[in-house]
1. Name the residues in the stretch 169-184 that are away from the ligand (no atom under 14 Å from the Cβ) and open to solvent by 80 Å² or more (accessible area, probe 1.4 Å), would you?
2. Open to solvent by 20 Å² or more (accessible area, probe 1.4 Å), within 13 Å of the ligand (Cβ to nearest atom) and not aliphatic (A, V, I, L, M): is that true of residue 238 in this structure?
3. Taking only the stretch 60-91 into account, find how many residues are of a type in the set (A, V, I, L, M, F, W, C) and within 14 Å of the ligand (Cβ to nearest atom).
4. Tell me which residues, restricted to the stretch 252-288, are among the hydrophobic types (A, V, I, L, M, F, W, C) and either open to solvent by 40 Å² or more (accessible area, probe 1.4 Å) or not assigned by TED's automatic domain parsing to the domain that holds residue 229 (or both).
5. Starting from the stretch 106-129, take each residue that is assigned by TED's automatic domain parsing to the domain that holds residue 96 and list its partners that are surrounded by fewer than 13 Cβ atoms within 10 Å (Cβ to Cβ) and aliphatic (A, V, I, L, M), counting only C-beta distances under 8 angstrom and pairs at least six apart or across chains.
6. Return the residue satisfying two criteria in turn: it lies in the stretch 1-12 and is in a helix (DSSP H, G or I) and within 20 Å of residue 176 (Cα to Cα), and of such residues it is nearest to the ligand (Cβ to nearest atom).
7. Tell me yes or no: at least one residue of the stretch 62-76 is outside the structural domain of residue 325 (by TED's automatic domain parsing) and of a type in the set (D, E, K, R).
8. Restricted to the stretch 201-223, and to residues that are within 7 Å of the ligand (Cβ to nearest atom) and under 19 Å from residue 43 (Cα atoms), which residue is surrounded by the most Cβ atoms within 10 Å (Cβ to Cβ)?
Amino acid sequence: MRVLIVGGGVMGTAIGCELAGPGLEVTVLERSIPGAEASTAAAGMLAPQLEAQAPGPMLELSMRSRGLYPAWVKALTADSGVEVGYLESGALQLAFTEAQAHELEATVAWQQAAGLRASFLVGDEARALEPNLSTELVAAALFPDDHQVDPRRLMQALTGAAARRGVRFHSGAVRGLLETQGAVTGVALEGGALTAELTIIAAGAWSSLLPGVGVDAAHLKPARGQMVELSLPAPPLKHVLKSGLGYVVPRADGHCICGTTVELVGFDKRVTAEGLASVLGAATRLCPALEDATVVSTWAGLRPWTEDGLPLLGRGPKPGLLVASGHYRNGILLAPITARLLGQLVRGDRPTVDLTPFSPGRFTSR
Ligand SMILES: Cc1cc2nc3c(=O)[nH]c(=O)nc-3n(C[C@H](O)[C@H](O)[C@H](O)COP(=O)(O)OP(=O)(O)OC[C@H]3O[C@@H](n4cnc5c(N)ncnc54)[C@H](O)[C@@H]3O)c2cc1C
């Protein structure tokens, strides 16, 4: 069976890796280079507990994916020879006011009740763990099982492993879907067409722009995130730090990835003065030692935002079409579970996660 995957970001490439094997001829179609968009702009936090507002299908999906990560990256490294910077760093959510501290206490309580590891620390306890934390800190929540990966290296490993497993990469922009008797039978490209039994849309923030996909562009659109990479001679932190202001992801080599903004400004990837001021202001408030860091680089990426914050996973509006998009702020985290679920759908197996909340049909355009 021939399968076409539109988009060579973390989703398309991870799905390609999952599907590659006997009986399936898999092609990833990418108009730029694999990973050129959101997937290499990401910080790489694997942090369902840091992100979760409440129990629910998103937390369950994210926890499943986090659980898959160690074995998944091990297999990718074995197949590609690329080490992906998977680091079991743990994460701290920081509170700078009493009101925020009360919110953190409530978060820790519901997560513990849900069986997750989390603990509440007063400011001095948090600073004993991380001496470079701000002295203004009132409290913190520790999530010891939230970790990180380096998304750029992950993309290198994914493309290497996919190629090794027999996935083909085809360079070109998809213009629309081919249809025969109401079923999707491939894609129209700039200079021709490719046919397939199954087509999977994994085009990130651009997924709703493809004619025939049937997802309303008001419900799936780009959300810009601006980022700054800093470096110090030695790592100033061990844990990922986050607060309502922003976050800092410390890599093992002393570099820190600092984020971010969330801006619904269309397909505009500019880095702005206001964005940088906000990201750097947050980073240095969380960890004042970063004031002396060197600015290595700045960039912005476009997350695939959805109106309800849930991804689109499952069958499209027509036979022959599947969708894996809208992973918003958690696509790096959700790549292994997305690949596994799409693999189950393609092979005709029952998905091991209830996909009802993630149905692409909830955003169907006319
Ligand atoms: C600043 C920032 C920080 C983030 N931090 C984190 C984080 O810490 N943890 C986390 O889990 N997630 C994070 N994310 C989210 C994560 O990066 C995304 O959810 C994920 O990368 C989405 O992957 P994707 O493959 O769907 O999209 P993309 O990576 O955007 O890939 C889509 C691909 O489709 C291609 N394409 C589009 N249209 C066409 C077409 N018509 N024809 C051919 N090709 C096409 C594009 O060129 C692109 O390469 C962050 C995102 C940003 C921007």
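The values are calculated or read from the model by the stated rules, or taken from the named source; none is laboratory data. Only a predicted model underlies this, so the values are computations on that prediction, with no experimental measurement involved. Note that we place each Cβ from the backbone using ideal geometry, even for glycine, and neighbour counts take in every protein chain shown. Protein only, heavy atoms only, side chains kept; ligands, DNA and RNA dropped before computing areas. Shrake-Rupley method; radii C 1.70, N 1.55, O 1.52, S 1.80 Å.
1. 179, 181
2. Numbers: open to solvent by 20 Å² or more (accessible area, probe 1.4 Å): yes; within 13 Å of the ligand (Cβ to nearest atom): no; not aliphatic (A, V, I, L, M): yes.
Criteria not met by residue 238.
3. Qualifying residue count for the region: 8.
4. Looking only at the stretch 252-288, we keep the residues that are among the hydrophobic types (A, V, I, L, M, F, W, C), and these are 252, 256-258, 262, 264-265, 267, 271, 273, 276-277, 279-280, 282-283, 286-287.
Passing the criteria: 252, 262, 264, 265, 267, 271, 273, 276, 277, 280.
5. Every condition considered, the pairs that remain are 110/54.
6. At the first step, the residues of the stretch 1-12 found to be in a helix (DSSP H, G or I) are 10-12.
Within this subset, residues satisfying the condition of being within 20 Å of residue 176 (Cα to Cα) are 11-12.
Details: 11: 4, 12: 6 Å.
Per the criteria, the residue is 11.
7. Of all residues in the stretch 62-76, those outside the structural domain of residue 325 (by TED's automatic domain parsing) come to none.
Checked against the condition, which is being outside the structural domain of residue 325 (by TED's automatic domain parsing) and of a type in the set (D, E, K, R), the stretch 62-76 yields no hits at all.
8. Among those that are within 7 Å of the ligand (Cβ to nearest atom) and under 19 Å from residue 43 (Cα atoms), it is 204.
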